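Following: one structure in structure tokens, then a few remarks.
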Amino acid sequence: MPFHLTDEQELVRTSVREFAEAEVLPLAAVIDREHRPPLENIPKMAEMGILGMTLPPEYGGTGSDYLSLVIALEELSRCCATTGVITEVHASLCCTSILRFGTDEQKRRYLPDMAAGRKIGAFCLTEPAAGSDAAALATSAQRDGGDYVIDGQKIFITNGSFAEIFIVMARTGDEPGAKGISAFLVDRDTPGFEIGPAERKMGIRGSSTTPITLSGVRVPVSARLGEEGEGFKIAMSGLDAGRTGIAAQALGIAQGALEAAVAYAKERVQFGKPIAALQAIQWMVADMATDIEAGRMLVYQAADLEDRGQPFAAAAAKAKLFCGPMATRVTHAAVQVHGGNGYTEEYPVERMYRDARITEIYEGTNEIQRLVISRGYLR
Ligand code: CAA
């Protein structure tokens with residue numbers, strides 16, 4: 001399906017690209033080296049309207065469609081994959097879940113601060129014994145009068161070290177598996193909510209990935225997101241949209257790597273001419289560009305289905321299943337074009353290669369995407 005972006009979507013691309021090249025790119029290598037989030041860019045992203053992109057204006061958002069957010073994520077990730085994932089978890093997984101499932105009071109309480117970047121969101125599903133098998137989570141939320149008391153452990157929580165609002169999935173009933181799970185909005189400063197030290201990761205090193213321990217964390221019933229027992233569906237539908245966002249992150253990383261490889265190939269001289277004149281390099285560039293275009297179609301298609309209110313979970317899974325490995329292939333080739341230089345921190349493709357790998361893992365591994373896709377055909 002050919003894609004004709006609207007003038008508004010084209011404007012999002014141009015303005016986010018300009019912003020990313022001016023503000024995000026100069027920090028990309030620094031935050032990677034220092035393993036620190038680019039917090040100085042959060043107010044700037046809020047000012048640009050990126051953090052509340054899919055929220056209606058009454059909550060401080062720009063009321064854009066999901067495809068616009070996806071384009072923004074692609075452009076941010078083209079310059080810095082860390083900034084891409086911070087934004088994706090906040091704007092897609094968290095803001096969208098609160099907008100869809102929150103009460104009026106919850107939306108008024110959180111969304112304006114989230115759009116303004118005063119409160120960043122985090123999504124707490126994964127546990128030590130519940131990764132791909134998310135329905136096996138063991139964190140419990142026991143009803144106690146007008147409160148719930150939450151106990152358990154979460155791991156790999158993106159934005160953990162600086163987020164202010166956490167969507168926490170916990171077990172409220174005796175029913176096993178998905179049915180007994182509910183979702184809660186937990187403020188960072190709630191007593192008993194303890195954020196552990198950030199993981200030292202292979203890539204997206206600027207993004208903070210932390211464990212969280214919940215010990216007797218007391219929240220009022222009004223902090224429950226959705227009905228009791230709806231938590232798994234809330235998590236899954238958040239991830240459906242989130243998977244398009246991560247596919248867009250992978251797409252942006254790959255696009256950045258292709259551009260870096262092309263620039264290097266034109267300037268690097270071997271055998272008396274720029275290596276761009278060698279067929280070996282030309283073929284690599286052709287394969288990279290084709291891979292990226294195919295991925296872009298899948299990503300935009302999934303976002304467009306969502307915007308048109310059509311079922312999009314399988315399309316999002318296909319986009320992520322294609323774009324994660326595609327980003328790994330493209331960044332691998334980009335390192336190869338750079339030869340020995342590509343293996344050093346002097347050139348951005350080394351970081352891109354490490355960053356790409358996570359897009360095959362988080363928000364559902366390649367294998368989980370295959371499970372989601374095949375169920376649609378085989379049930
Ligand atoms: N939307 C709404 N409801 C859904 C749904 C969806 N996409 N998928 C499943 N459900 C519902 C089902 O309809 C079912 O409800 P009923 O019994 O009422 O019909 C219920 O949820 C249970 O569904 P399944 O039987 O399909 O559940 P399952 O245990 O077989 O697991 C799974 C499904 C797809 C494997 C799921 O566990 C999964 O997606 N696992 C991967 C987890 C994951 O992606 N984790 C990412 C962590 S967050 C992260 O990475 C963010 C970050 O920091 C970057």
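The values are calculated or read from the model by the stated rules, or taken from the named source; none is laboratory data. Please read all numbers here as calculations on a predicted model, not as lab measurements. Note: ideal-geometry Cβ built from the backbone for every residue, glycine included; neighbour counts use all protein chains shown. Surface areas here come from the heavy atoms of the whole protein model, side chains and all, with no ligands, DNA or RNA. Shrake-Rupley method; radii C 1.70, N 1.55, O 1.52, S 1.80 Å.
With more than 16 Å from the ligand (Cβ to nearest atom) and free of Cβ contacts under 8 Å to residues at least 60 places away in the same chain as the only criterion, which of 175, 194 stands out?
194
Return yes or no: is residue 73 more than 25 Å from residue 200 (Cα to Cα), buried (at least 24 other Cβ atoms within 10 Å of the Cβ) and hydrophobic (A, V, I, L, M, F, W, C)?
Here the answer is no, as residue 73 does not meet what is asked.
Which residue, of 334, 319, is open to solvent by less than 60 Å² (accessible area, probe 1.4 Å), farther than 30 Å from residue 234 by Cα and not aromatic (Phe, Trp, Tyr)?
334
Taking the range 135-157 as the search range and keeping residues that are open to solvent by 10 Å² or more (accessible area, probe 1.4 Å) and touching a Phe, Trp or Tyr at 6+ places or on another chain (Cβ under 7 Å), which one is nearest to residue 372 (Cα to Cα)?
135
If a residue must be assigned to a helix (DSSP H, G or I), away from the ligand (no atom under 15 Å from the Cβ) and within 30 Å of residue 258 (Cα to Cα), how many such residues does the range 73-103 contain?
Matching residues across the range 73-103 total 4.
Looking for whichever is surrounded by 15 or more Cβ atoms within 10 Å (Cβ to Cβ), within 12 Å of the ligand (Cβ to nearest atom), polar (S, T, N, Q) and part of a helix (DSSP H, G or I) here; the options are 237, 207. Which one fits?
237
When you scan the range 329-352, how many residues do you find that are among the hydrophobic types (A, V, I, L, M, F, W, C) and either at pLDDT below 95 or more than 12 Å from residue 281 (Cα to Cα) (or both)?
3
How about the range 119-188: which strands (runs of 3 or more DSSP E) wholly inside it have at least 2 residues that are under 18 Å from the mean Cα position of the chain (by Cα) and more than 16 Å from residue 225 (Cβ to Cβ)?
147-158
Listed residues 126, 158, 82; which is among the β-branched types (Val, Ile, Thr) and free of Cβ contacts under 8 Å to residues at least 40 places away in the same chain?
Among 126, 158, 82, only 126 is among the β-branched types (Val, Ile, Thr) and free of Cβ contacts under 8 Å to residues at least 40 places away in the same chain.
Being outside any helix (DSSP H, G or I) and touching a residue at least 24 places away in the same chain (Cβ under 8 Å) is the filter here, so list the residues in the range 343-359 that pass it.
Answer for the range 343-359, where residues must be outside any helix (DSSP H, G or I) and touching a residue at least 24 places away in the same chain (Cβ under 8 Å): 345, 347, 348.
Which one of 327, 313 is within 27 Å of residue 135 (Cβ to Cβ), buried (at least 17 other Cβ atoms within 10 Å of the Cβ) and not aromatic (Phe, Trp, Tyr)?
313
Tell me yes or no: at least one residue of the range 104-112 is of a type in the set (Phe, Trp, Tyr), part of a helix (DSSP H, G or I), away from the ligand (no atom under 16 Å from the Cβ) and crowded, with 22+ Cβ neighbours inside 10 Å.
Yes, some residue in the range 104-112 is of a type in the set (Phe, Trp, Tyr), part of a helix (DSSP H, G or I), away from the ligand (no atom under 16 Å from the Cβ) and crowded, with 22+ Cβ neighbours inside 10 Å.
Residue pairs, Cβ under 7 Å, 6 or more apart or interchain, first in the range 229-249 and closer than 14 Å to residue 66 by Cα, second more than 8 Å from the ligand (Cβ to nearest atom) and not in a helix (DSSP H, G or I). List them.
So the pair list comes out as 240/312.
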